[in-house]
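Undergrad: Starting off with a structure, shown below.
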Amino acid sequence: MLRQGVRHVLLELPAAGVAAVSAAAAGKDVMLFNTAAPEDALRAAQCAPWLLHTLPSRAMQMDAIAQLLVARKWNRPLVLFGPTPGDGLLHAAWQRSAHRFGLRPQAEHPFKLSNDPRERDLGNVRLLTSDRDYDAVVVLDAQGEFARDVPYRTVLPRPVLGSNGITAQAWDPLWERDGAPQLTRRFLRKAGRAMGSYDWAMWIAARAAAEVASAYDKAGVPQQLQALRQGAVTVDGYKGQRLSFRAWDGQLRQPMLLAYGNGVADVAPLEGFLHPRSTLDTLGYDLPETGCKAR
């Protein structure tokens, strides 16, 4: 693609693929957009000046969930986490967010889906939620198979958040403010299905590439990257405000939709969570916290 003159590339790849392409792009005149990998490492140790991210990071997702728990005064959640590497990344992101916003989980229980009779209790939602009181249940399940059965199966009648119940999304087709229905309908007509978070992340990346290429048509890719990272070019994501990329890790600042099956419960950042520059920077790694050295 570079030999053909392509300078703006959208990546729909898992984290390892994004990291490999980014490493191969070193020293080349190209701008990469990660639209599908939420891993925080891509915004930290594996970051690069030419790599931008439009899908929210795991840290942004967990910060949005934590803000909702605090805002609703559900300060004593019960946490269920799985055994896979993806579950481990979610759990690490959750622990950071819980510490950041002062949440104190009542307990954290591992779950496991297994055909081994000796491990059957580890997959039993009622047993895992029966030993104490709690305000809410946070389930961390990257594959979603266990999380699917958690709502309405807990011993206490409590809200479920995280990987099921209320989830933190870049987009939800039931978001009905800020002109969102117009975008949702256009996507439905073209794709024949509802627009989800990955679709939105791909669309907003294409929009950002088009806008910076149009505004800086005489400039090279390094100047266009600088314009995006410094906020000289912003994009409308149908979320109520113009969106910009963070200079320190290339992540797109954006509100997170706290969605459930039939609607959107709230939008993070929630009221009361303040920041000296932008309340959107209360979601994800802020400048003093960043692990990205390639700036």
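Read-outs: derived from the displayed coordinates by stated rules, not from any lab. In this text, all values refer to a predicted model and were calculated from it rather than measured experimentally. Every residue, glycine among them, receives a Cβ derived from its backbone with ideal geometry; neighbour counts consider all protein chains shown.
Undergrad: Expressed in nm², what is the orientationally averaged projection area of the convex hull enclosing the Cα positions of the stretch 241-291? Provide the component values of the computation, followed by the final result.
TA: Working: hull surface 17.5 nm².
That works out to 4.4 nm², a quarter of the Cα hull's surface.
Undergrad: Between the DSSP loop rule and a limit of at most 14 other Cβ atoms within 10 Å, which trypsin sites (Lys or Arg not before Pro) in the stretch 1-41 are left? Kindly include the intermediate steps, with their values, before the conclusion.
TA: On the way: sites: R3, R7, K28; in loops: R3, R7, K28.
Those satisfying the criteria are R3, K28.
Undergrad: Also, quick follow-up: Rounded to a whole number, what is D in µm²/s for the stretch 59-169 from Stokes-Einstein with the Kirkwood radius over alpha-carbon pairs (37 °C, 0.692 mPa s)?
TA: Reported coefficient: 239 µm²/s.
Undergrad: Ordered by residue, what ³J(HN,Hα) values in Hz, to whole numbers, does the stretch 111-122 give under the Karplus form 6.51 cos²θ - 1.76 cosθ + 1.60, where θ = phi - 60° and Gly and Pro are x?
TA: 10, 7, 8, 8, 8, 6, x, 6, 10, 4, 5, 6
Undergrad: Pick out, from S278, S114, L80, the residue whose Cα sits farthest towards the positive end of the charge dipole of the chain, with +1 on the Cβ of Lys and Arg and -1 on the Cβ of Asp and Glu.
TA: The residue sitting most towards the positive pole is S278.
Undergrad: Ok, one more. Over the chain, what is the percentage of antiparallel beta bridges among all DSSP beta bridges, to the nearest 5?
TA: Once the DSSP bridges in the chain are tallied, antiparallel ones form about 35 percent.
Undergrad: Highest GNM mean-square fluctuation, the chain, Cα pairs closer than 10 Å: which of S163, S197, S278?
TA: S278
Undergrad: Next question. Among Q182, Q251, Q67, which one moves the most in a GNM of the chain with springs linking Cα atoms closer than 10 Å?
TA: Between Q182, Q251, Q67, it is Q182 that shows the largest mean-square fluctuation.
Undergrad: Return the calculated 222 nm mean residue ellipticity for the chain, to the nearest 500 deg cm²/dmol, obtained by summing -39500 (n - 2.57) across DSSP H runs with n ≥ 4 and dividing by the residue count.
TA: One gets -9000 deg cm²/dmol as the mean residue ellipticity at 222 nm.
Undergrad: With θ set to phi - 60°, apply the Karplus curve 6.51 cos²θ - 1.76 cosθ + 1.60 along the stretch 71-86 and write out the HN-Hα couplings as whole Hz, x wherever there is a Gly or Pro.
TA: These are the phi-based 3J(HN,Hα) values: 4, 8, 6, 8, 7, 10, x, 9, 10, 10, 9, x, x, 7, x, x Hz.
Undergrad: Around R43, what is the net charge, scoring Lys/Arg as +1 and Asp/Glu as -1 over all other residues with Cβ under 11 Å from its Cβ? Kindly include the intermediate steps, with their values, before the conclusion.
TA: Numbers: positive: R58, R246; negative: E39, D40, D249, E289.
Cβ neighbours under 11 Å give a net charge of -2.
Undergrad: Sort D63, D133 so the one with the fewest other Cβ atoms within 10 Å of its own Cβ comes first.
TA: In increasing order of surrounding Cβ atoms, one gets D133, D63.
Undergrad: Please arrange V139, V150 by counting, for each residue, the other beta carbons lying within 10 Å of its beta carbon, fewest first.
TA: Fewest to most other Cβ atoms nearby, the residues stand as V150, V139.
Undergrad: Please compute the Kirkwood hydrodynamic radius of the chain from all pairs of different C-alpha atoms, in Å with one decimal.
TA: Numbers: mean 1/r = 0.0499 Å⁻¹.
Kirkwood radius, the chain: 20.0 Å.
Undergrad: Then there's this: In the chain, which longest range has no GluC sites (Glu not before Pro) that are both DSSP loop (not H, G, I, E or B) and surrounded by at most 15 other Cβ atoms within 10 Å?
TA: 1-144
Undergrad: Right, another one. Sum up the charges of everything whose Cβ sits under 12 Å from the Cβ of A136, counting Lys and Arg as +1 and Asp and Glu as -1, but leave A136 out.
TA: Working: positive: R72, K73, R76, R158; negative: D133, D135.
With Lys, Arg at +1 and Asp, Glu at -1, the net is +2.
Undergrad: If I build a Gaussian network model for the chain, linking alpha-carbon pairs within less than 10 angstrom, which residue out of N164, N124, N34 has the largest mean-square fluctuation?
TA: With Cα springs under 10 Å in the chain, the top fluctuation among N164, N124, N34 is at N124.
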